[in-house]
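Enquirer: Here it is, the structure in full.
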Amino acid sequence: MKFNKTKGTIRFYEELNFFIKGHALKEDIEFSYYGKRSVKDLIESYGIPHVEVDMILVNGESVSFDHIVKAGDHISVYPMFERFNIEGLTKIRDHGLRDSKFVADVHLGKLVKKLRLLGFDILYDSTWDDVELADIAMNESRILLTRDRRLLMRTIIDRGLIIRSTNIEKQVIEVLERLDLYNEINPFSRCLMCNGTLLDVHEEDETYQELFIQLPAKVKIWCREIFICEKCHKIYWKGSHYEKMLKYIDELLI
Ligand SMILES: [Zn+2]
């Protein structure tokens with residue numbers, strides 16, 4: 001039995017080039033192999049997790065990941081979060097990624113705190129393994145944040161983001177920019193420790209006194225508004241860290 005080689009070209013656009021090692025960037029790459037491959041497998045063979053891909057054009061037509069590559073195919077692969085309008089063309093996802101609920105990989109603990117500080121719903125547990133992370137992402141429709149692109153290649157994950165920077169401030173900006181989340185910042189709405197929602201308790205509220213007596217003496221002097229985590233019951237107040245946080249958010253939004 002004679003097998004024919006499948007030959008064609010593939011080109012990766014914009015930030016997808018970040019992943020490619022050993023190939024000329026932003027140019028057609030020739031591929032050639034024996035056997036049958038889906039376009040998803042071909043794309044991932046270049047080290048690009050499928051969750052980073054928003055649209056694939058084969059000879060100018062939008063196709064889904066299970067498209068079987070044919071000899072002579074010219075394939076163009078576009079990244080998630082490109083700003084140009086591809087609505088109506090894409091067949092890969094019928095919903096955007098910007099439903100901002102997250103689960104974070106175990107090495108992103110600092111980023112998790114920063115994102116919770118900005119009010120984002122982000123699950124995290126330093127003991128979770130890859131299988132647990134993938135299951136949570138899938139079952140709860142959460143965007144998986146990770147620095148490990150092999151993790152995002154798991155088939156069951158269709159929403160994920162590779163964090164490229166190792167610098168915590170840059171990581172925050174990466175998430176906000178790539179998912180276009182600036183409008184969703186909602187400080188003082190989420191517990192930094194457990195991700196629970198913070199309830200805002202004012203002086204006139206019934207439970208206020210009960211919480212007030214737990215505050216440090218110095219804080220009692222000026223504090224008239226307390227926040228309590230509805231899940232772990234940790235108490236927050238707008239102290240000096242709050243001022244710092246507002247300054248931080250201001251800087252992010254510049
Ligand atoms: Zn909590």
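Enquirer: In 5 Å bins starting at 0, how do the alpha-carbon pair distances of the range 21-63 split up by percent?
Expert: With a bin width of 5 Å, the distribution comes to 5, 16, 27, 33, 17, 2.
Enquirer: Then there's this: Quickly estimate the mean residue ellipticity at 222 nm for the chain, helices only: each DSSP H run with n ≥ 4 gives -39500 (n - 2.57), and the total goes over all residues, rounded to 500.
Expert: So the calculated ellipticity at 222 nm is -6500 deg cm²/dmol.
Enquirer: Something else about it: Under the definition of Cα pairs under 8 Å and six or more residues apart, what whole-number percent is the relative contact order of the chain?
Expert: Over the chain, the number comes to 14 percent.
Enquirer: Quick check: the angle from helix 240-253's long axis to the longest principal axis of the chain, C-alpha only, nearest 10 degrees?
Expert: Once rounded, the angle reads 30 degrees.
Enquirer: So if I average 1/r over every pair of distinct C-alpha atoms in the chain and take the inverse, what Kirkwood radius in Å does that give?
Expert: Radius from the Kirkwood sum: 20.7 Å.
Enquirer: Additional query: Might you list the cysteines of the chain that have no disulfide-compatible partner by the rule of another cysteine's Cβ under 4.7 Å?
Expert: By the Cβ distance rule, which asks for a partner under 4.7 Å, the isolated cysteines are C223.
Enquirer: Where does each of 242-249, 48-55, 158-165, 227-234 land if you order them by average Cβ count within 10 Å, highest first?
Expert: Final packing ranking: 48-55, 158-165, 227-234, 242-249.
Enquirer: Turning to a different aspect of this structure: How much of the DSSP bridge set in the chain is antiparallel, in percent, rounded to the nearest 5?
Expert: 65 percent
Enquirer: Then there's this: Over its Cα atoms, what ratio of radius of gyration to 2.2 N^0.38 Å does the range 198-253 give?
Expert: Against the empirical 2.2 N^0.38 Å value, I get 1.23 for the range 198-253.
Enquirer: In whole angstrom, note down how far apart the Cα centers of the range 1-72 and the range 99-153 are.
Expert: 28 Å
Enquirer: Tell me which residues come under 5 Å, amide H to amide H, from V53 once H is placed; ignore anything under 5 positions away on its chain.
Expert: Hits under the 5 Å cutoff: M80.
Enquirer: Please give the helix 130-139 orientation as an angle from the longest Cα principal axis of the chain, in degrees from 0 to 90, rounded to the nearest 10.
Expert: Its long axis makes an angle of about 80 degrees.
Enquirer: I've got another one for you. Please give the peptides 12-19, 176-183 ranked by average Cβ packing (other Cβ atoms within 10 Å per residue), highest first, as a rough proxy for protection.
Expert: So the peptides 12-19, 176-183, ranked by packing, come out 12-19, 176-183.
Enquirer: Can you give me the long-range amide H partners of S165? Hydrogens built in the peptide plane at 1.01 Å from N, cutoff under 5 Å, separation of 5 or more residues or another chain.
Expert: Result for S165 returns nothing.
Quick note: the coordinates plus some simple rules give every number you see, no bench work behind them. Given the structure is predicted, the values throughout are model-derived calculations rather than measurements. Counting neighbours? That spans all protein chains shown, and the Cβs are built from the backbone with ideal geometry, glycine included.
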